[in-house]
1. Which one of the conditions (1) touching a residue at least 12 places away in the same chain (Cβ under 8 Å); (2) within 47 Å of the chain's Cα centre (by Cα) does Glu685 fail to meet, given that it meets all the rest?
2. Confirm whether Ile598 is touching a Cys at 6+ places or on another chain (Cβ under 7 Å), assigned by TED's automatic domain parsing to the domain that holds Tyr750, in a strand (DSSP E or B) and under 26 Å from Val559 (Cβ atoms).
3. Being of a type outside the set (Asp, Glu) and either more than 29 Å from Arg470 (Cα to Cα) or modelled with pLDDT under 70 (or both): is that true of Ala493 here?
4. Which residue, of Glu157, Glu192, Glu240, is without any contact (Cβ under 8 Å) to a residue 40 or more places away in the chain and assigned to a loop (DSSP other than H, G, I, E, B)?
5. Can you give me the number of residues within the range 687-712 that are over 10 Å from Leu634 (Cβ atoms) and assigned to a strand (DSSP E or B)?
6. Taking Gln290 as meeting all but one of (1) assigned to a strand (DSSP E or B); (2) of a type in the set (S, T, N, Q); (3) modelled with pLDDT under 90, write down the number of the exception.
7. Going through the range 228-242 one residue at a time, which ones are in contact with a strand residue (DSSP E or B) (Cβ under 6 Å, 6 or more places away or on another chain) and surrounded by fewer than 17 Cβ atoms within 10 Å (Cβ to Cβ)?
8. Those residues that are modelled with pLDDT of 70 or more and more than 30 Å from His367 (Cβ to Cβ), I need them from the range 30-71; list them, please.
Amino acid sequence: MNAPQQHTPRFGLRSFRAKFVLVVGGAVLFDLLVSGGLALWNVQRLSRDATQEVGQGLEQANQDYIRSYAEATAARVNLLLDQVHSDVGTLAGVLQAQLDRPVRNSQIGEAMSRVAPAAVTVVYDAKGGWAQNQPGPLSVVSVWGYLLDANHRPLSEVQDEIENSAVLDLIAPSLLANGQSKLQMYYIGPKERPIFRTAPYTDQAQTFDKLYPGHNQADFWTFFFPGLYESWQQWGRDPEMRPVGNNITQTAPYTDAITGRLIVSFFQPLWSGGGKRVAGAAGADITLDQLAQIVENVKVADHGFGFLTMSDGNVVAINPVGEKVIGLRASSDTNSAGVTGVERSLRKSGQPAIAQLPLGQDGLLQHILLNENGEKVPYLVVVKSLEPTNLWGSGPVRRETMSLGIVVPEREIYASLFAAQAKISQATNRILIYQILALLVSLVFVTTAVFAVSKRITSGISALAGAAKRIQAKDYSVRVEIPTRDEVGEAGAAFNRMAEQISFHTENLEQMVEDRTTEIEEANLQISSLNMQLRGENSRLGAELAVARRIQMMVLPNVGELEEITDMEIVAYMRPADEVGGDYYDVLRDGQRLKIGIGDVTGHGLESGVLMLMVQSVARALQEAGDMNPSQFLNCVNRTIYKNLLRTNANKHLSLAFLDYEGGRLTLSGQHEELIVVRDFGVVERIDTLDLGLPIGLEPDISLFVATREIPFGHGDMIILHTDGVTEAENQDGELFGIERLCECARELYGRSAEDVKLGIIKELMAHIGTQKIHDDITLVVMRHR
């Protein structure tokens, strides 16, 4: 054997080492560049995602804070109004209790006259034309000129009203001193005697003379509160007329005639006549300062503020700074009679975004731009609706929902967001620099490592290449020596073994070819023998199946038998899915009695066909024995089949039903597919057989389950019997033929002969199946009463 040949590795452009360095080094460098680039991209993406997530989180948190702040402030305003409602309701409850108990009302009025005469004694004022009690009592009561008689004294019923209303002196001081701060509380009499009693005592009528000339000659309710009394009267007739489901009614903010301050009045009507007629009203005034204090104290961030507005946009409370920011213009209506309102509307704002601000969207966070020193500055606005109230404003009472708004500069509410985004950006830049430096260091290291390893690896491969060339030159004595203990060393050892085997096989090739040829010829002889045996077995099995199929078709009713039946036409169609089918139908005749049977054995093939023949034989034997009773007949068939199945250990059963016909009567028994009956005018009836029996061969005794049903079968009527191979036939799309389609075919073919009906249904069925394989036996029986 020749000594191993040593080859010195070359480093030319075509050498393996050069290619190794280029390929491996390039792949590693490419991987580093890709992984490094992906790392940089991921860092940037992480920065973007983090900025987005933090931004969304902080933005959501700040928005939730603003909404929560708005809800809390709205709750405080609602609480103030609820407390005032409660105090007015308390006063109204006491006065209503007096009205509901006239005797006690009079007694308390008489007592007040004795104990506090100054509270019920009025003095006429010639200049004003009205009467009023003198200072000293806890309340002032004013009586207008048209409520006085010729002697300038109150009419009798008016004096009763004055005395009975003096109970206000017992209630109002406590309500004024407690609960929510109120400017005054009062009682106004009904429209026919509208005395005006107010606590605490003020120069009430004198002030009215100055501010409302002519009021003493006009009806009090119509002059001061036009439309309010009429709205209450409608409530008495129909409580559903109330815009909001309580009796408390408030006014829009207006200038108080006595104090000159902006106030809001709250009324609750009193009732007589079982709640049908207005008997006056109890009321209270609160200054707008109380509402404004809650709203003006709103402070979000550094310059956020709040405002309270009516549904028409009229702002009733806002601090001066906020009023300037949203561009409000204030004006007062001093020319109208009655109460004097205040006008400061969002809709007339100098800021277009405020003028168009929607008020009905409760809790919606809105981004708007406001003009500040010639620049567009972004703001956030949240509007929260208060609880709805009944509002009077010079006309019928209507529903009013005031809104609380919170306005905050975005630069202040998102200050923490901007700071967090800046920090994330700085951290991202640092990570990017570190990643680039690490990538450069990795490139230098990989380049050095590839050059160092390539020499060790390629030396062994070069030796293998040289030895392979000698093998190509048919020098099978060549061997290589690779000292490394890696895959290249293993390849060298494998090469040496391969060279030895090539040498050995070359010398013994002719003998091996001859031996192999002999083995192949012997194998071919064996295959030919087995093929002959298989063809013989297939021929025998085919013959047996053909015999079984012929026997099965022979026992079916022939055309001659069916034509002998005079009362009806009976035709049938059967097509097995395999050589031998498992469907059953038969027509048994005993004189004028007929028994038409149809059944379906589970599965199909030879075993199912044999069971079908068993059923036919048993049914024929019972018919010959004269046992035609439907229930007994089915039970006898079941017992026989059950025993045969038990003996043969066959896991089979079948659905089976019989129609007994005699003297125009048709009786159905047994469980099978639905029976289809078509009568005059194409009326289709589907008869379910589920409760008329049990599958044959499952239980030894089914007598408890067998039942019968009489079916009308007149002249021209047609009956369709079928197996599930008809209704469950599929087309290429997997769609079933279906019982509905079968019924429609029968209806369309009604009136033709039974043979035409059978052919029409089979044609429609085969058109539906098309080229699709038939998976189950198909059996169809058509019966037509002549």
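1. (1)
2. Here the answer is no, as Ile598 does not meet what is asked.
3. It is false that Ala493 is of a type outside the set (Asp, Glu) and either more than 29 Å from Arg470 (Cα to Cα) or modelled with pLDDT under 70 (or both).
4. Going through Glu157, Glu192, Glu240 in turn, just one is without any contact (Cβ under 8 Å) to a residue 40 or more places away in the chain and assigned to a loop (DSSP other than H, G, I, E, B): Glu192.
5. Number of matching residues: 3.
6. (1)
7. Of everything in the range 228-242, just one residue is in contact with a strand residue (DSSP E or B) (Cβ under 6 Å, 6 or more places away or on another chain) and surrounded by fewer than 17 Cβ atoms within 10 Å (Cβ to Cβ), namely Gln233.
8. Listed by number, the residues that qualify are Phe30, Asp31, Leu33, Val34, Ser35, Gly37, Leu38, Trp41, Asn42.
The values are calculated or read from the model by the stated rules, or taken from the named source; none is laboratory data. This one's a predicted model, so the numbers in the text were calculated from it and none came from an experiment. When we count neighbours, we look across all protein chains shown, and the Cβ atoms used for this are built from the backbone with ideal geometry, even at glycine.
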